[in-house]
Structures are given as structure tokens and as C-alpha cells.
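J.: One structure, as C-alpha cells, below. Some questions next.
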Amino acid sequence: MPHEANLIATLSVAFVLAFAGGMLADRLRLPPLVGYLMAGVLVGPFTPGFVADGELATELAEMGVILLMFGVGLHFSASDMMAVKGVAIPGAIVQILAATGLGVGLASLWDWGLGAGLVLGLSLSVASTVVLLKALEERNLLNTSNGRIAVGWLIVEDLAMVVALVLLPAAAELLGGHPLAGADGHGGGGSDGSVLLTLALTLGKVAIFATLALALGPRVVPWLLAQVARTGSRELFTLAVLAVALGIAYGSAKLFGVSFALGAFFAGVVLSESRFSHKAAADSMPLQDAFSVIFFVSVGMLFDPSILVREPVAVAAVLLTIIVGKSIFAFGIVRMLGYPTSTGLMVSASLAQIGEFSFILVGLGMALGLLPPEGRDLVLAGALLSITLNPLSFYIVGRIEKGMKARAPAGDVQGLPKFLALEQEIERARQRMEEKERTHSLQVQGLEQTFPVLSRLDREELERLLLMFRPRTAAPGEKVIRRGDRADGMYFISSGSVSVQAAGHTIKLERGTFFGEMALLSGRRRSADVTALDYCEFLMLDRRDFHQFMARHPGLRAAVMELANQRRKMNSGTTTAIATN
Ligand code: CMP
């Protein structure tokens with residue numbers, strides 16, 4: 001099959017079967033993800049019938065991981081995280097250590113090496129963000145305090161896994177594996193120097209990359225997006241978001257040797273604090289969805305179902321570690337930290353599954369020669385089964401809670417003060433977020449209220465105008481415009497007043513009006529002197545933006561033109577209209 005046709009065949013079959021599988025899973029009240037994985041198993045080499053191009057699928061899946069991590073970064077809110085850090089950070093760390101310990105224990109039972117045990121344990125320790133978010137959303141729990149704790153906890157796990165992905169290649173040789181073959185997207189291991197040196201080098205590179213990304217990113221990226229948003233092209237904006245995500249991911253992998261995933265995560269974080277984060281998230285969502293589906297399909301393709309028959313005991317052990325082992329630890333930690341039973345139960349159910357990070361980890365573990373193929377099959381089986389059984393975990397937790405309520409109707413008072421304090425903290429973080437959004441929408445509303453001429457624009461157009469405006473100030477007596485100068489832009493007075501000296505008379509213009517439009521419309525020089533009467537603040541629309549914006553809004557242009565014509569008539573006493581350039 002020619003290469004192009006291969007790509008098309010792989011994509012089409014993957015999408016069609018994933019869609020069918022997803023719908024079927026939904027019918028069976030299972031997460032659609034189970035359907036995608038099943039679709040992958042169907043087109044994989046271990047089942048009869050069509051076999052998709054595995055290499056191609058793996059590469060497409062990498063796109064899915066990049067976009068997924070970009071999404072995680074985009075939704076990462078430092079203030080939300082700070083609110084739940086007291087429980088999320090120690091909880092996630094202890095849980096990872098415990099699950100990794102269980103993994104190492106299992107591995108030693110099966111006579112695998114320490115490296116294999118570590119990879120297995122780590123991959124069993126981290127839950128799937130996609131599954132968690134979907135589960136919480138479906139149950140309307142996403143914005144509850146328990147939901148926030150679960151999400152925060154998972155983000156700490158994700159971050160720890162990002163670090164693990166960076167460190168594993170560097171430590172591979174020490175653990176009995178080999179360096180990654182050829183150019184890579186996963187760390188810069190594999191030098192002939194000592195392992196410690198490689199580790200230090202890798203960490204150093206990551207540190208430089210993170211510092212650069214966090215120092216430059218928040219300045220450059222929002223500025224770039226503001227420029228793009230001003231063009232008013234939706235397409236260019238989406239493209240800019242993708243270019244930032246993929247560009248940073250790829251560039252960081254090439255320049256710093258950090259993983260694609262880490263680069264994409266930082267691209268998301270950089271964007272998350274800017275006011276474009278919502279738009280960026282919304283615009284990249286369809287692509288994130290599409291490629292994460294491909295990701296799950298390609299994971300399904302790797303799964304060899306015969307493991308269920310060949311090693312039923314090992315599969316059961318892995319599954320129990322994920323569903324029961326991790327849950328017991330999570331519950332215990334939450335209670336030990338002094339939070340209520342309900343929080344412990346919720347976190348346990350939310351995290352009783354594994355997903356995308358585990359797949360990435362086992363892939364890397366195999367590439368490094370650390371994990372035997374059965375390890376991958378076991379983790380894949382564990383993921384498939386634990387994701388499928390996750391609704392059951394929530395159901396059981398719900399029953400336990402109901403039972404407890406029936407026994408103690410007053411509710412669970414233990415741990416309540418701590419929980420209430422945390423709830424307040426979460427509430428404060430939410431309020432800060434809302435405040436930020438309110439300020440922005442006030443600005444938009446204020447624009448409309450202050451300048452009657454803008455009342456004909458809708459919200460989206462006002463937002464764009466807000467992006468184009470540049471703030472300018474003038475002290476009393478300062479000349480803002482000189483008669484005979486070339487026109488640089490149009491000024492809206494947001495505070496203070498100016499005097500216009502034109503054709504022998506002086507006119508006072510106040511807040512809410514504008515000036516500097518005549519020369520822009522006619523293409524001639526400035527027709528009058530404009531001087532600030534007191535301390536003034538202006539919103540300036542420069543010449544290029546003026547023409548661009550007016551070309552898109554003929555109604556506004558006509559209104560501005562009408563006033564300009566009146567002013568001109570007043571100055572010259574004639575009735576000739578200004579030419580419209
Ligand atoms: P422009 O010619 O670009 O620069 C000077 C500005 O002064 C002009 O645009 C108008 O905005 C403003 N201006 C000129 N004449 C009058 C007038 N008669 N009344 C109010 N504003 C005026």
C-alpha cells in the first residue's frame with residue numbers, strides 16, 4: 001500500500017471503529033474510552049482481520065500525548081493547586097511510593113529486575129486524567145471540594161510522572177537496561193559518562209528549559225496571541241495555539257532533550273495564566289479529542305488479549321493492586337492527614353484506575369529494555385479492566401457512604417474542621433479566578449457604556465477592539481495632536497478633557513468622545529491642534545488597526561464618518577463631505 005493510503009487507511013479505520021466502539025461502550029454505560037481501546041484491539045496484530053500500521057499509529061499516538069499534556073498544562077491552575085496542596089501533595093507522593101512498592105514486590109515475585117519493578121509500579125501508581133475528569137463530570141462532582149482534591153492529587157501524580165519520564169532514560173543503564181536507540185523524544189540519556197553525570201545533565205537541561213519557558217513564555221506567548229486575536233481570524237488563532245503547543249514541544253525535545261510531553265505541558269502552563277487560556281482550550285479541544293482517541297486506539301493495538309488466558313493470576317494481581325491496593329493507601333493517607341471519610345472514599349474511587357501515563361511509561365520502559373513484554377501486556381490489561389470497572393468503584397463508594405449516613409445521620413464529623421478550612425481555601429481560589437474574569441468583562445462593558453458610538457458592536461467585537469486599543473496619557477497643556485502632522489491614530493477619551501483649536505474656534509471634548517478620526521478617514525494631514533486640558537487617559541487605535549476594524553464594521557465607520565463630516569462643516573462652513581479614501 002502506498003504510504004499516503006496507509007495513513008488514510010489507519011486514520012479512517014481508527015476513527016470509524018473508535019466511534020462505533022465508543023457508542024457501544026456508552027450504550028453499555030461504560031466510559032467511551034473502553035470502546036476506543038477495544039477498537040484498537042480489533043485492528044491490532046493479535047486479532048484476525050484488518051491490521052493497521054502499528055508504527056504509524058504509534059507516531060499519531062505521540063501527537064495525542066502532546067495535545068493531552070498541553071491540555072493538562074492549560075487546565076493547570078496554580079491557585080487551585082495551592083488551595084488543595086496540603087492533601088494533594090503528600091497524598092499523591094505517598095500513594096506513588098506505596099504503589100511503586102507494590103509493583104516492585106510483584107516484580108520480584110515474578111523474578112523481574114528492579115528496573116522492571118519500578119516501571120511496573122510507577123505505571124500502576126498514576127491514574128488517568130481523561131478517565132477521572134469524565135467520571136467527575138458525569139457525576140457532577142468536578143466543582144465540589146472533593147472533586148478539586150482528586151484533580152489536584154492527580155495533577156501532582158502527573159507532574160511526578162513527567163519527572164519519572166525524564167529520569168528513566170538517564171537511569172536506565174543503572175537499572176539494568178540500555179540507552180534509547182537513536183534520536184529520541186524522551187530525555188537525553190545514553191552517554192558513556194557515569195549515570196550520575198547523565199542524570200545531573202538531564203535535570204540541568206530540564207531546569208534551563210523550565211526557567212526559560214516560565215520566564216519568557218508568559219511575556220511572549222500572550223503577546224503573540226494578542227497580535228493574532230487582533231486579526232480577527234479564528235483560523236489563525238487556532239493555528240497559533242497549535243503552533244505554540246507543538247512548536248514548544250518539538251523545539252524543547254530537539255534543543256533540550258526533554259520529552260515532548262514535558263514541553264507540551266509547559267506550553268499549556270504558559271498559556272493557562274493568560275486571558276486567552278479559555279479560547280485556546282476551546283480551540284484546541286477538537287484536535288485534542290481526535291488525537292487522544294487515536295492514542296487509545298494505538299494502545300489497544302498493542303494489547304495481546306491472550307494474556308488474560310495465559311496469566312490470569314498475574315492479571316488479577318495487577319488489577320487488585322490498582323483497584324484495591326491503591327485505594328486502601330489513598331483512603332488511609334486522607335484519613336491520616338485528618339480529612340473526612342467522604343473525601344477519602346471519593347479520592348479512592350477516582351484514582352482506582354490507570355491510563356495514558358501508564359501506557360507512556362510502559363512504552364518507554366520497553367524501549368529502554370527494562371520491562372519484559374508481559375509487563376506491558378499486564379499493564380494494558382490492568383488499564384482496560386480498571387477503566388471498565390471504574391463506574392463500579394464509584395458505585396461501591398456511594399453505597400458505603402449511604403450505609404454510613406444511615407448509621408450516623410448527623411454525618412461524618414471527624415475531620416470536618418480541616419475539610420471546612422480547605423473548602424474556604426478552594427472558594428477563595430475560585431473567587432480570585434472569577435474576579436479576574438469579572439475585571440475583563442467590566443472592561444468590555446465599560447467600553448460600551450463610556451463610548452456611545454461603540455454601542456452598536458457586539459461583545460466579541462468589543463473584545464477585539466479592547467485588544468487593539470493602546471493606552472495613552474497626557475498631562476495638562478500637553479499637545480496630543482498638532483495641526484499639519486501625519487495621522488498616527490484615533491483617540492477615545494476615557495478620562496479627562498481636551499480642547500480642539502480648529503479654524504479660529506476652540507471646542508472642548510470630554511470623556512466618552514473621540515478625536516483624530518478626520519485625518520485617518522480623509523488621508524490628509526491633521527486638521528487641528530488638540531491639547532489636554534487636564535490629566536487625560538486615552539484609548540488609541542493606531543492607523544492600521546483603525547482601517548482594518550472600520551473595514552469590518554461599516555456601521556461604525558458610517559457613524560464616525562458622520563461626526564467627522566459635521567466637524568469639517570463646522571470648521572470650513574462648507575457642505576462637502578470627506579472623501580472616504
Ligand atoms: P484630525 O484632523 O485627524 O486631527 C485633529 C482632530 O480634531 C480631528 O481629526 C477631529 O477629531 C478633531 N476636530 C477637528 N475639528 C473639530 C470640531 N469642529 N469639533 C470637534 N472636534 C474637531
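The values are calculated or read from the model by the stated rules, or taken from the named source; none is laboratory data. Quantities reported herein were computed from a predicted structural model and do not represent experimental measurements. No Cβ is skipped: glycine too gets one built from the backbone with ideal geometry, and neighbour counts run over all protein chains shown. Accessible surface is based on the protein model in full, side chains and every heavy atom, while ligands, DNA and RNA are left aside. Shrake-Rupley method; radii C 1.70, N 1.55, O 1.52, S 1.80 Å.
J.: Return one number: the angle in degrees, 0 to 90 and rounded to the nearest 10, between the long axis of the Cα atoms of helix 78-109 and the longest principal axis of the Cα atoms of the chain.
T.: Relative to the chain, helix 78-109 is tipped by roughly 20 degrees.
J.: Measure nothing but the geometry: give the 0 to 90° angle between the long axis through the Cα atoms of 356-367 and the longest principal axis through the Cα atoms of the chain, rounded to 10°.
T.: Helix 356-367 sits roughly 60 degrees off the main axis of the chain.
J.: Evaluate E = 1/(1 + (r/R0)^6) for Ala406 and Leu142, where r is the Cβ-Cβ distance and R0 equals 22 Å; express this FRET efficiency to the nearest 0.05.
T.: The formula returns an efficiency of 0.25 here.
J.: Return the aspartates and glutamates within reach of Lys134: Cα separation strictly under 15 angstrom, same-chain partners fewer than 8 residues apart disregarded; answer none if there are no such residues.
T.: Asp26, Asp289, Glu356
J.: Using Cα-only point scatterers and the Debye equation, what is log10 of I(q)/I(0) for region 61-407 at each q in 0.08, 0.11, 0.15 Å⁻¹, rounded to two decimals?
T.: -0.38, -0.73, -1.32
J.: Can you tell me the orientation of helix 373-407 relative to the chain, as the angle in degrees between its alpha-carbon axis and the longest Cα principal axis, to the nearest 10?
T.: The helix 373-407 is inclined about 80 degrees to the chain.
J.: Which of the lysines could be linked to Lys479 by a straight reach, that is with a Cα gap under 18 Å, when you skip same-chain ones fewer than 8 residues away?
T.: Reachable lysines: Lys508.
J.: Determine the sum of side-chain charges near Glu463: Lys and Arg each +1, Asp and Glu each -1, restricted to other residues whose C-beta is under 12 angstrom from that of Glu463.
T.: Value of the local net charge: +1.
J.: Would you work out what percent of the accessible area of the chain, with all protein chains in place, is carbon or sulfur (probe 1.4 Å)?
T.: Answer for the chain is 63 percent, counting heavy atoms of protein chains only.
J.: ³J(HN,Hα) across region 245-257 via Karplus (A = 6.51, B = -1.76, C = 1.60, θ = phi - 60°), whole Hz, x for Gly/Pro?
T.: 4, 6, x, 5, 4, 5, x, 5, 5, 6, 7, 10, x
J.: Could you work out the helix-only [θ] at 222 nm for the chain, with each DSSP H run of four or more residues adding -39,500 (n - 2.57) and the total divided by the number of residues, to the nearest 500 deg cm²/dmol?
T.: That comes out to -23500 deg cm²/dmol.
J.: Whole angstrom only: what separates the Cα centroid of region 200-215 from the Cα centroid of region 9-37?
T.: 39
J.: At 0.36 nm per residue, and after removing the present C-alpha to C-alpha distance, how many nm does the segment from Ile8 to Arg486 gain when stretched out fully?
T.: 166.5 nm
J.: Here's something else I'd like to know. What is region 452-577 by shape, rounded, prolate or oblate, if you read a ≥ b ≥ c off the alpha carbon gyration tensor as root eigenvalues and call it rounded for a/c under 1.5, prolate for a/b larger than b/c, and oblate otherwise?
T.: Oblate is the answer for region 452-577, as a/c is 1.5 or above yet b/c matches or exceeds a/b.
J.: Going by a ≥ b ≥ c, the root eigenvalues of the Cα gyration tensor, does region 227-337 fall in the rounded group (a/c under 1.5), the prolate group (a/b larger than b/c) or the oblate group?
T.: prolate
J.: Taking Cα atoms of the chain, Rg/Rh with Kirkwood Rh, to two decimals?
T.: Using Cα coordinates only, the ratio equals 1.10.
J.: Excluding same-chain residues fewer than 8 positions from Lys85, which lysines have a Cα within less than 16 Å of its Cα?
T.: Reachable lysines: Lys418.
J.: Which of the trypsin sites (Lys or Arg not before Pro) found in region 450-548 are in a DSSP loop and have at most 10 neighbouring Cβ atoms, other than their own, within 10 Å?
T.: Passing sites in region 450-548 are Arg486.
J.: Something else: Report ³J(HN,Hα) in whole Hz for each residue of region 498-515, in order, from the Karplus equation J = 6.51 cos²θ - 1.76 cosθ + 1.60 where θ = phi - 60°; Gly and Pro get x.
T.: 10, 10, 9, 9, 9, 6, x, 10, 10, 10, 9, 10, 10, 3, x, 10, 9, 8
J.: I want to make sure I understand the PRE zone here: with the label point 7 angstrom from the Cα of Arg275 toward its beta carbon, which residues in region 454-471 have backbone N atoms less than 12 Å away?
T.: What the label zone holds, given the 12 Å backbone N cut-off, is 462-471.
J.: For a label point 7 Å from the Cα of Leu174 along Cα→C-beta, name the residues of region 87-119 whose backbone N is under 15 Å from it.
T.: Residues passing the 15 Å test: 114-116, 118-119.
J.: Rounded to the nearest 0.05, what FRET efficiency do Glu562 and Arg219 give with R0 = 56 Å and r taken as the Cβ-Cβ distance? Could you check?
T.: For R0 = 56 Å, the calculated efficiency reads 0.85.
J.: If you don't mind, another one. Could you give the size of the charge dipole of the chain about its Cα centre, using +1 on the Cβ of each K and R and -1 on the Cβ of each D and E, expressed in debye and rounded to the nearest 20?
T.: Dipole size: approximately 2340 debye.
J.: Please compute the length gained on full extension between Met570 and Ala200, using 0.36 nm multiplied by the number of residues separating them and subtracting their Cα-Cα distance.
T.: 125.7 nm
J.: Which value does Rg/Rh take for region 328-469 over its C-alpha atoms, Rh per Kirkwood?
T.: Looking at region 328-469, the ratio lands at 1.23.
J.: Asp289 to Lys436: extension gain in nm, 0.36 nm per residue of separation minus the Cα-Cα distance?
T.: 50.1 nm
J.: Moving on. Label point 7 Å out from Lys254 along Cα-to-Cβ: which residues of region 59-88 have amide N under 17 Å?
T.: Answer for region 59-88: 63.
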